[in-house]
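Undergrad: I'd like to ask you about the structure that follows.
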Amino acid sequence: MRTYANIDEGVVQYLLDTDGDITDMFHSDMIWVDVSSVSTSPAEGWTAVEADGIWSFAAPVPPVPTDADLKAKAMARRDALLSAAGEATAVMVDAYIAGLLDAADTATFKTFAAYKLALNKIDQQPGYPDTIEWPASP
């Protein structure tokens, strides 16, 4: 059994294990490379480069996130945390405004309020959006 990689535009499209003759199985325009003895077998999506009849393969390099990507990810996490905190205190808001909460519930409500305020200020931290010190959930 041999393993072949189909290469198109410098990228491994798919792998095929076969005992058959690959040249009889597919159109001659298709590029097939025997990777049976490659030390680190490539996977779909890997780059493939041929130089002097020798193929080399490399895993794709993940893109470096942009500043906008990091900010969007941070804001999505912040919004999810704010939503959860809001749900945890939603039934307390009217009672707090009316002064109906006991001391323990008031302390809990204020702890959540401070947490939500800290979440809303993550973009003011030094190093944002590369580094964010997320406030601890109450």
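Undergrad: Just a yes or no: is a residue in region 91-111 in contact (Cβ under 8 Å) with a residue 40 or more places away in the chain and of a type outside the set (Val, Ile, Thr)?
TA: No, the conditions are met nowhere in region 91-111.
Let's see how each residue does on (1) within 23 Å of the chain's Cα centre (by Cα); (2) within 30 Å of Pro135 (Cα to Cα):
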| residue | (1), (2) |
| --- | --- |
| Asn6 | no, no |
| Tyr14 | no, no |
| Ser28 | no, no |
| Ala68 | yes, yes |
| Ile97 | no, yes |
| Ala107 | no, yes |
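Undergrad: On the basis of being on the phi < 0 side of the Ramachandran plot and under 36 Å from the mean Cα position of the chain (by Cα), does Thr111 make the cut?
TA: yes
Undergrad: Follow-up question, since we're still on this one. Looking at region 1-101, what helices (runs of 4 or more DSSP H) fall wholly within it and have at least 1 residues that are of a type outside the set (Gly, Ala, Ser) and over 30 Å from Phe112 (Cβ atoms)?
TA: Per the criteria, 22-25, 67-89.
Undergrad: Taking Asp34 and the conditions (1) surrounded by 12 or more Cβ atoms within 10 Å (Cβ to Cβ); (2) outside the structural domain of Asn6 (by TED's automatic domain parsing), which numbered condition does it fall short on, given that it satisfies the others?
TA: Condition not satisfied by Asp34: (2).
Undergrad: For region 71-92, how many residues meet the condition of being modelled with pLDDT under 95, small (Gly, Ala, Ser) and loosely packed, with under 11 Cβ neighbours inside 10 Å?
TA: Final tally of qualifying residues: 1.
Undergrad: Hey, Ser41 hits all of (1) surrounded by 13 or more Cβ atoms within 10 Å (Cβ to Cβ); (2) modelled with pLDDT of 95 or more but one; which does it fall short on?
TA: Ser41 satisfies every listed condition except (2).
The values are calculated or read from the model by the stated rules, or taken from the named source; none is laboratory data. Here the structure is a predicted model, which means the values were calculated and not measured. Glycine gets a Cβ as well: all are built from the backbone with ideal geometry, and neighbour counts include every protein chain shown.
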